[in-house]
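Comments concern the structure below.
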Amino acid sequence: MCYRTAARLPSWPFSSRCCPSDAAVCTDGGGSVGQAIKDLGLEHHRVVTSSGTHAIGAWHIQNVNSYHGRLKGWMRRFNGVATAYLENYLGWFRALDRMPRSPRQPAQLLTLAVGA
């Protein structure tokens with residue numbers, strides 16, 4: 001995804017509306033995400049796994065990789081989604097991913113989906 005496209009998406013994780021100015025971001029250093037983080041003035045830590053480094057002190061990307069793997073596995077059943085509905089699918093997955101295996105009330109699911 002190019003930086004210009006990512007900046008237009010409402011659910012893009014590094015937008016200034018959801019990241020405080022003192023946020024620190026840890027990435028694998030690839031793509032245009034680094035430039036976007038720089039443009040937003042955020043602290044950026046690169047962990048380049050292709051060089052054999054998987055963590056630098058407390059900074060690592062395993063949580064993101066794990067979440068991404070679970071998200072991809074869950075989304076396969078839909079055979080792709082329209083970008084217009086991506087935020088809805090991400091909210092749905094976020095609610096399911098955060099929910100324990102016990103059933104929840106609809107209001108609790110909505111709270112988990114919006115990230116509150």
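Taking the Cβ of GLY52 as the centre, find all other residues whose Cβ is under 15 Å away and add up their charges (Lys, Arg: +1; Asp, Glu: -1).
Working: positive: ARG46; negative: ASP28.
For residues surrounding GLY52, the net value is 0.
Taking the Cβ of each residue in ASP28, ASP97 as the centre, tally the other Cβ atoms inside 10 Å and list the residues starting with the fewest.
So the ranking, lowest neighbour count to highest, is ASP97, ASP28.
For THR53 and SER66 in one chain, what is 0.36 nm times their gap in residues minus the Cα-Cα distance, to one decimal in nm?
3.0 nm
For a footprinting-style exposure proxy, rank THR53, THR27 by other Cβ within 10 Å, fewest first.
Listing THR53, THR27 from fewest to most nearby Cβ atoms yields THR53, THR27.
Every number here is computed from the coordinates shown, using simple stated rules; none is lab data. Because the structure is a prediction, the values reported are computed rather than measured. Quick reminder, even Gly has a Cβ in these numbers, built from the backbone with ideal geometry, and neighbours come from all protein chains shown.
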